[in-house]
Amino acid sequence: MTEQRRYPGKIDRLPRAMQDLVGRLLAEGWTKTKITEALNAELAKAGEEPVSRHSVNRYTARMLAEGQDMREAHEAAKGWAQSMGQVDGGEVDAYLVEVARKLMLDHLHVVTDRDEGPKLTEISQLALAIRRLADTRQLADKRIERRLAAAADEVASVAKKQGLGTDTVAALRAALASTA
């Protein structure tokens, strides 16, 4: 099944600043008619052709649908991570990386079951995607380590100001390091 490509609409072909204006006004709750009027005023200043309300309506409907899809995906990922006892945003990212890796590997298993086997392009694309996911995971892990190190420094600083001894400060640092 081939996916049909959508022809870019009039607003898609406008300069990025004009598209951003439509997005901002939509986020502020403006009506499509008011957005069209404001956009056409800006286009007139820039010497561009005006757009129809229908063009604005199609564009904003697509943007709202895409935004809703992203919100639903984020909420689903957050729900999955929380159900596994993970709440931090970095842990949600790490969980999503693992889910995507599993889905890609499952796909590889499906295509290897075909009579002709997987195509070389599928294998190379999956390998590249897995490598990118692993790199993303490593970056997320490093970000978490940096946050823990910063927290350990802050705890040590506060502990010293409160008059705790160096042994106690070292024990606090060690406890924070062991949570990583």
Say whether the condition of being under 27 Å from the mean Cα position of the chain (by Cα), loosely packed, with under 12 Cβ neighbours inside 10 Å and at pLDDT 85 or above is met by at least one residue in region 100-116.
no
Taking only pairs six or more apart or across chains, which ones have beta-carbon atoms under 7 Å, a first residue in region 165-180 that is over 16 Å from ILE144 (Cα atoms), and a second residue that is of a type in the set (Gly, Ala, Ser) and at pLDDT 80 or above?
THR168/ALA159; VAL169/ALA156; VAL169/ALA159; LEU172/ALA156; LEU172/ALA159
Looking at region 66-80, which of its residues are touching a residue at least 12 places away in the same chain (Cβ under 8 Å) and surrounded by fewer than 16 Cβ atoms within 10 Å (Cβ to Cβ)?
ALA77, TRP80
Considering only residues of region 33-72 that are polar (S, T, N, Q) and part of a helix (DSSP H, G or I), which is farthest from VAL22 (Cα to Cα)?
GLN68
Hits in region 48-65 - residues which are within 15 Å of ARG13 (Cβ to Cβ), of a type in the set (Gly, Ala, Ser) and either free of Cβ contacts under 8 Å to residues at least 12 places away in the same chain or surrounded by fewer than 16 Cβ atoms within 10 Å (Cβ to Cβ) (or both)
SER52
Sort through GLU37, GLU28 and tell me the only one that's at pLDDT 75 or above, among the acidic types (Asp, Glu), outside the structural domain of LYS142 (by TED's automatic domain parsing) and surrounded by 14 or more Cβ atoms within 10 Å (Cβ to Cβ).
GLU37
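Could we say that ASP135 is more than 29 Å from the chain's Cα centre (by Cα), in a helix (DSSP H, G or I), modelled with pLDDT of 65 or more and outside the structural domain of GLU75 (by TED's automatic domain parsing) here?
Answer is no for this residue.
The values are calculated or read from the model by the stated rules, or taken from the named source; none is laboratory data. Predicted model only: the values in this text are computed from it and were never measured. Cβ atoms come from the backbone with ideal geometry, glycine included; neighbour counts cover every protein chain shown.
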